[in-house]
Structure formats: structure tokens, C-alpha cells
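What follows is a short report on a single structure.
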Amino acid sequence: MKHTIFNPAEYLEHNGNNKPDNKSTANGSNATNDNAHNTTHCDNLNATHCDNRNATPHDNHYTTPDDTLARVAEVADRVAASGRDITQGYDNWLRLAFALSDGLGEAGRQIFDRLSQMNADYDTRECNRLYDNCMKGHKGGITIATFFQMARDLANVDLKEMARERGKREEKSLQNCTTCPTCPNVPMSHITKNKCNKKDNILIYNNLGKTTISCWDNGTMGQVGQFCKDFSNGYTFSDKLDTADLPPILKRIMQLHDDVVSRDKMIIGTLNIVSGLIGAASGTPDMPSGVYGLYDGRKVYAPLYNILFANAGSSKGDLNFCRQLAKPLKDEMRREYEGKKMEYERLMAAYEAKRKQKDKGDRGEPPVEPVFRTPFVPGNSSSSAVYRAIDANGGWGLMFETEADTVSAMISSDYGNYSDLMRKAFHHETISMNRVSEKLHIDVDSPRLSVMLTCTPGQLQPLFPNWENGLGSRFFFYQFPEEEPRFNNVFARNTRPFDEEYLKMGESLLKLYHALEERKGRPVQFVMSSNQQESFLASFQEMLKDQYEMLGSEYKAFVYRLALGGFRYAMVLSTLRRLATMTDLGGIFQPEESAMVCDDRDFATAMTIVETLANHTARVYTRLAKETENPFADKGIKLTPEEIKIYNKLPDDKEFKASDYIAIAQEQNISRASAYRLINLFCNAYGIIIPTRYGHYRKAAAGNDDASQNGGTEAQTSGTEPQSGGTENESN
């Protein structure tokens, strides 16, 4: 890719503003010097060649502060052309000032002034005073990314399309520049015709929303395009939904909650519960009912897997209100159980009374004790208890835990059965359990399990100790943004409490459950229209291509399952919509009805939700992707980050001396004592380093099965310190 060193003076003069001081560039350098640099490298997007014969080598990050200013200025042009005032209201004006001052410093003042002039109350002095104040103090949670978000949301600027246009321009320029491999503006990944480094792309996702764009280590337009596309989709979705197009229950949630994140989380929690209830009403393979869909030639049902995570004190516990949606069904099942229990006790008393009679031959079989049933499967139970609960319900259950550590504890202590159950249930694969001591055998065909978990970022790793086993890719993630702490108005709501509101919605969902359950032997197939299918396939093909290039082949499973999630969300929303017409039709479906076509409004809502969840899921993947950097994960060798760091620094294809190893360790701020301990582990415990001769070592191949065996043979000679002798170690 070729970079333009953007001159703010030229840009602002071209747009009819006064020239800024030539010292006020985004990185504090002199504009004249920047222009001089411009002439020695790829100096504009339309250049046909790159002449670097006079170039002076220097450190050059692919995304520079000048690149950031250029992108901001380009977007500001679009905002001005739209005629929309994104500074309307003091809060928006303040956010814009903080965003530009944080990301561009003094260089952003002219852009802020220009956009402020679109407001009828514009005052030059007040504008400069606000910007001065924002320059003095940073507003937590507001970065230059906030500006892009405001441009998208308030001025309808199509950031995705802008990224594509700019990408095409730079790609064309890049093709004309690849003959110049010494130009620091061309990433080596392009010169060698390779894709961008996955680790570098991961840095982009990890830094989104935390720092300015200029801190990223990569700046290819593919990555910029991904940035713009993410903010075009966004990390929230309720602010992009048309309330009038939503089913009644979701409309009510939009009314009950004021801020975007609260609406997002409560909609996610609500749809998760509803998906479980729809799955609950789907009957059994022998007697199907309710709603199903055909996806990739397989029957699929509605249940979803969701994880919401945020730091402590982020109101994750509000999701407990969503449990009220299933409380009417829970109470009904309890009443049914208590009635059967009373009948059982009556029959058992009569059976026992006959035992006391002289003639015991006609007592018959003892009555069967009823099994306790409840919609909710406890997450702090063993896998055996979960199997039993799902089996008792006829193949379904709702797991709803606001403390994910209870589930992660069971996953780590249950010998893999818990993870296996959840992975299979997601795809409705048969789950089985044998308990020889109890003479118990359970087979559940087509299990339908919905899972809703909340956790803190630190609880993600224990929840998915083995990221490669596929459990993580079955969940749809949502991360609460880090915001400036504020004390909510706890007196704002003084009418009906939230639990009563959600309980009332749950009563209507009970009617939905029964309407679906009553269609025994007459299930309804959910289908998408041909136009929806075409849009669905195109959207996820684009997502697969983008994310594959960004994050590598390991991420494919996430995209495939996000697509299945999109299908399920559309199924849930369309079924919810039928609840609104239930009274008019006399039932949720007509007796002869066998198919339910997805409403276009519900399709659009489902795709909006899934696009947002895709962005969050990509960020979570990058948070945990470091596990895939362990080259010995498939051998069961779990290296710590410190061990991975020093191992990766060692030469791959040649021997190294003990003194070299100690020097590398000390460069990584690892003490000599720790270095001795690590080399002992590498040789004796892990077998990933082999002592070849006295004081010399080499790496065992990461993918070679002999690696783990060497630890028991020649590696045994390594002892507790590198075999270099006291003299060589002392010299280091």
C-alpha cells in the first residue's frame, strides 16, 4: 500500500478555510518537512511509480498520524456535503471536540471549527474555548473512532463505501509501487504477495475503541476498510432498528429502557429466552410440533447460545429480569408436578396399604414417582444433572446464568462431558449418558438447549480452556463498552418495576408456547423468501471473505455459525410476530398452514443483530487467539505467555548456545533463575527443546510427535541449568 503524507494546510486551503500554522500537524512535525518527505516517497494516490532513490530510511508505521488526519478530513467533507449538523445539542458538540482533540490534537481544530459552523448558534470564540478545554483533558471512552461513529449515525455517511473507494485507489497505486521494495511505505506482505499478518490484524481489533487509529501497527486499506465496515455495522444494534418494525414484545423493551446498551442486552436476553421456549414447544422426533427450519439440509430449531461480558458494575445482572419471561411456564410446570406428586403419594399409600393385607398377590406394579420438571437447567450442576433435566423435559432446556464462573467450573471439573453436551446440543446432535452403577441410560435425540451467560473479560479464558474444540464458536458474543463511570438516576422509574413488566410479557409468551405445542404432528417449517436467501448468502459470503483475510482460517467456524445464528434469529422474530396476530387469526397458525415465510422486517432486524454480534465475536476471538499461538496445543502442552514469548525468540532452524539463550531471556526481562527453570521445563517436562551436545540446544519440531518423547531420553541430561558450564554462564 502507498501512503500519502497529508498536509493539513493544503487540505484546509482547498476547502476554503484559513491556513493553520505550518507547525500544527497531527504529529507535531513541521509541515514543510512533511512535504519534503512527500516528494521522496509515494507522494499521492495517483502516482504511477515510486521513486525512492533519494529516500532516507526511517521508522515508518504503516498508519501514521497524517493518515488519520487524511481519513478524518475525507469523512468531514462528506459530513459537510450532507448538510447535516452533527453538533446539534451540547452533548454531541462536546463529543466531537473530545474525539478530534484526542485523535488529532491541534490539527483537528480547523475540522472542528468547520463542522461547528453548520450550527445556527456558531460562535468562533466559544468554539475555540471548548476545543482548548478538551485539549487539556481526555474524556474517557471517547476516541477518534467516536467521530466516525457520529458521521455514520448523524450524517448518514457510508463509511463502508468510502473504505472501498479508497481501497481501490490505493490498490491501484500499490500495483504501481511494488517494484520498489525498499520504500518503507509498502508493507512487505504486499511485496511478497502474501496476505496481511494475522497477528497484526488482531492488534487492530484489540485496539478498536481503546486508542486512536494512529496507534495501530498496520495501515493497509484492507484493514482500514475493516475498521470502517465495523463502524458502519457498529457495536450496537438497537439504535439502528426501526421500532415500528419490531414485534410487540421488542417494542415494549425499547420503551422500558433508555440507553442503547441496555436495550441491546435486554433484547439479546429476551430473544434467547424466546428461542428456548420455541425450542421447548418443538415436541420430539416421534411427535414433532412447533417451528423448525431446514438449513444446509438439516433440521434446525430456534435455541441460541449467547454470552454478554463486561467489567464488574456494568449492570449485567439486569438480564435476570429476562428470566421472568419463562416464569409463567415454570409456575405451570411446578403446579403440574405438584398435582402429579399428590396423586403419586395417594397411589403409593394405597399400594403400601395392600402390603399389610394377607393376600399380596394382587397389588400390581408400584406407582411411578413423577420427575420434577422446570424450564431452567442449572449451570452449576454436573453434566449428569443437565442430561437428566433435559431428558425430563422431553429434550429441551434453558440455561440462563448471570455468573459464568459456575459454568466454567463445571466444564473444568467434569472431564469434558459438559463441553461435549453443549457442543452437540447446539446442532441438535444426539446426547447420551450411561451410569452403570445406577443402571441408568439416557439418550436424547434432537436436544434443544438455549444458553445465556454473562461474565467478566477475565472469565472468558476459564470458560473456554480449549479454544480449538469448537465450543467458543457456538456462542454469539456481546461486550459492553467501557464508559465513564456515572451514577444512574435510581429514581427515574417509579411506576411498575421491571420484574413485573417482564412477567407480563412472559404471560403472552406462555400462550405462544401452548399454541406451538398444540401442533403435534403438524409442525410449521420456517422459510426465507428467494430474495432473502440471496441477500443472506451474499452477506455471509462477504463476511467470510473479509474475516478470513483478517483473522485467518481458524475463524471460518465462527462465520459459519454466525450465519446459522442469523437464520435462527429470523426464525425467532418471525414466530414472535405471529403472536401479535394470534387473536385476529384465532390461533398462531391456521390449521392447514405448514410453512411460515420470514417477514422482510424480521429478516432485516435479524441481519442487523447478527452483523453487530459478528463484530463483537471477532474481538473476543482476538482476545483468546493467543492460545492458537501455542504450537504444541494439539500435543496437550499448555505453555504460559512467558514461555511462548521466549520460545518464539529462539532460532527455529539452527543450534543455539546456552549463553545465547540466557541473553535472549534477559532481553525479555526474564531473570536468570527463571531462565534456568524454563529451559529445564522445555527439555525435561515438555520435550520441545533438545540438548544436542554439551551447552548446545535446538528446537524440536512443533508438529513432530518425537518432540514429547525426547524429554524422556536425551533431554534428561539437561539438568536444572543450561549445559554451558560455569564459566560461560558467569560471563553473561
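Looking at segment 243-252 only, could you name the residues that are free of Cβ contacts under 8 Å to residues at least 24 places away in the same chain and within 26 Å of the chain's Cα centre (by Cα)?
T243, K251 - these are the residues of segment 243-252 that are free of Cβ contacts under 8 Å to residues at least 24 places away in the same chain and within 26 Å of the chain's Cα centre (by Cα).
Within segment 386-406, take every residue that is touching a helix residue (DSSP H, G or I) at 6+ places or on another chain (Cβ under 7 Å) and among the acidic types (D, E) and give me the one that is nearest to E369 (Cα to Cα).
The residue in question is E401.
Would you point out which residue out of T211, T236 is in a loop (DSSP other than H, G, I, E, B) and modelled with pLDDT under 85?
Sole residue among the options that is in a loop (DSSP other than H, G, I, E, B) and modelled with pLDDT under 85: T211.
So, in segment 385-438, exactly how many residues are assigned to a helix (DSSP H, G or I) and β-branched (V, I, T)?
5
Quick check: is even one residue across segment 566-588 under 16 Å from the mean Cα position of the chain (by Cα) and modelled with pLDDT of 85 or more?
Yes - at least one qualifying residue is present in segment 566-588.
In this structure, is S508 surrounded by fewer than 20 Cβ atoms within 10 Å (Cβ to Cβ), modelled with pLDDT under 95, not charged (D, E, K, R) and not in a strand (DSSP E or B)?
Yes.
Looking at segment 113-161, which of the residues that are buried (at least 21 other Cβ atoms within 10 Å of the Cβ) and in a loop (DSSP other than H, G, I, E, B) is modelled with the highest pLDDT?
Ranking the qualifying residues of segment 113-161, first place goes to V157.
Taking A625 as meeting all but one of (1) within 26 Å of the chain's Cα centre (by Cα); (2) modelled with pLDDT of 90 or more, write down the number of the exception.
It fails just one condition, (2).
If K265 satisfies every condition in (1) charged (D, E, K, R); (2) at pLDDT 95 or above; (3) more than 18 Å from L453 (Cβ to Cβ) but one, which is the exception?
(3)
Please verify whether A353 is within 50 Å of the chain's Cα centre (by Cα) and small (G, A, S), treating the condition exactly as stated.
no
The values are calculated or read from the model by the stated rules, or taken from the named source; none is laboratory data. What you see is a predicted model; the values in this text were computed from it and never measured. Note: ideal-geometry Cβ built from the backbone for every residue, glycine included; neighbour counts use all protein chains shown.
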